[in-house]
Amino acid sequence: MIFKTARVANLPENNETLDWLRLTRSENVGPKTFFDLIGFYGSVGSVLEAMPELAKRGGKKAIKILSRADAEKEMAEVGKIGATIITLNDKSYPKLLKEIGDPPPVITVRGNLELLNRDAVAVVGARNASLNGCHFASKLAGDLGREGYIVISGLARGIDTSAHRAAVETGTVAVIAGGIDNVYPKENEKLYDEIAEKGAIISELAFGAAPQPKNFPQRNRIISGMTLGTVIVEAAMKSGSLITARLALEQGREVFAVPGHPADPRCHGPNKLIKEGAGLVESAADIIQALKSQRPGLFAEKPEPSFILLSTLLPSVAAVEDARGKVVEILSHAPTAVDDIIRATALPVGIVMTVILELELAGKIQRSTGNKVALVGGG
């Protein structure tokens, strides 16, 4: 279905950053919803006007939309620490990140914007990493940096910290799971400052936002989404690093893993990835050779994504009212693909998508990866 890749035909100019910020910070608006809404209504301004009525039809009396004053306040706070807010429409926005299924509409960046569109490799792994694992991650990141690659990671302790430190001088980007001003863990405050000065820090969350468990998988999709490939150095079977590897695969990026001793639980994740086909890494040369042979010149002459305006699919209120019950009836608390809902109801795409947007803005359903939706709450 076109909704997996649809974007807006006429994206707003940078002077509309405030409206982009207002929409992306509003209640129940995730990245996919953001672009679906603009696809229907044509502009952020039109979406902001339509949202209260959409949420009301979905069953919510009032939806919280970030005020213009609060958006201006956030931009001022961001500016005070030398950071900037950029939208997907900005030329500095990472080109590779635009290609994923749910790119953040707005990101806050502190540091060198030029690094965001250089060839990059993610190096991630266990927080409780072994000394050998940290040493290897450091050598890997240093070697990649000397070969011209930007090293991207998540500023976590362990492998992430080792990778960042080794690549500070050659170029590193830290993607964090809190607001741009929130250093986590606190022990990395000095490293954060070094990266902000010589590299770049990225956050998609509001200024002042504290890191929460739910934010880390969202953060990880940016790490993998900005890179040509992701390298896993030590990771338990149930870890954020393996989530990053899965996201990289879903985004069509390369996945690499460093093998380890089978008796060490921190090596079970990478060893499993290698069994499943990930590239085995013994040195940076393994990564560089694979990237050059499989995805040469990725940034060179890369066409911009084509944007599709969907407002012609916007149905009448009456048509949506007649169809809402049919859509709701087949939803459940288990994620269901939107394409399957369209097929099962035999309803026009525009009607189904409008019902889904109404329910999502009302907080009745939530999205998950793969363009799936599920009911929320106990009902």
Q: Quick one: which residue in A200, A236 is under 18 Å from the mean Cα position of the chain (by Cα), buried (at least 16 other Cβ atoms within 10 Å of the Cβ) and either in the same structural domain as P31 (by TED's automatic domain parsing) or small (G, A, S) (or both)?
A: A200
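Quick grid of which residues meet (1) under 24 Å from G145 (Cβ atoms); (2) in contact with a helix residue (DSSP H, G or I) (Cβ under 9 Å, 6 or more places away or on another chain); (3) touching a residue at least 24 places away in the same chain (Cβ under 8 Å):
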position	(1), (2), (3)
A236	no, yes, yes
S241	yes, yes, yes
A245	yes, yes, yes
A248	yes, yes, yes
V255	yes, yes, yes
V258	yes, yes, yes
A263	no, no, no
P270	yes, yes, yes
G277	no, no, no
Q. When you go through (1) within 22 Å of the chain's Cα centre (by Cα); (2) at pLDDT below 95 one by one for K61, which number turns out not to apply?
A. (1)
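Residue-wise test of (1) within 25 Å of K214 (Cα to Cα); (2) surrounded by fewer than 23 Cβ atoms within 10 Å (Cβ to Cβ); (3) in the same structural domain as I159 (by TED's automatic domain parsing).
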residue	(1), (2), (3)
L249	yes, yes, yes
G252	yes, yes, yes
V258	no, no, yes
D264	no, yes, yes
G277	no, yes, yes
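To keep it simple, each residue is scored yes or no on (1) surrounded by 12 or more Cβ atoms within 10 Å (Cβ to Cβ); (2) under 30 Å from the mean Cα position of the chain (by Cα); (3) in a loop (DSSP other than H, G, I, E, B); (4) modelled with pLDDT of 95 or more.
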residue	(1), (2), (3), (4)
P303	no, yes, yes, no
F307	yes, yes, yes, no
D322	yes, no, no, no
E329	no, no, no, no
D339	yes, yes, no, no
Q: From K56, K4, grab the single residue that is of a type in the set (D, E, K, R) and at pLDDT 90 or above.
A: K56
Q. What tally of residues in the range 351-366 results from selecting those that are buried (at least 18 other Cβ atoms within 10 Å of the Cβ) and either in a loop (DSSP other than H, G, I, E, B) or at pLDDT below 90 (or both)?
A. 2
Q. Can you tell which of D70, D102, D36, D90 is acidic (D, E), at pLDDT 95 or above and in contact with a helix residue (DSSP H, G or I) (Cβ under 9 Å, 6 or more places away or on another chain)?
A. D70
(Q) Tell me yes or no: at least one residue of the range 36-56 is in contact (Cβ under 8 Å) with a residue 60 or more places away in the chain, in contact with a Leu (Cβ under 9 Å, 6 or more places away or on another chain), surrounded by fewer than 19 Cβ atoms within 10 Å (Cβ to Cβ) and part of a loop (DSSP other than H, G, I, E, B). (A) yes
Q) Would it be correct to say that V151 is in contact with a Leu (Cβ under 8 Å, 6 or more places away or on another chain), surrounded by 23 or more Cβ atoms within 10 Å (Cβ to Cβ) and among the β-branched types (V, I, T)? A) yes
Q. Considering G133, G178, G125, which residue is at pLDDT 95 or above, assigned by TED's automatic domain parsing to the domain that holds E282 and farther than 19 Å from L273 by Cα?
A. G178
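The values are calculated or read from the model by the stated rules, or taken from the named source; none is laboratory data. Source: prediction; values computed, not measured. Cβ coordinates were reconstructed from backbone atoms using ideal geometry, including for glycine residues, and neighbour counts include every protein chain displayed.
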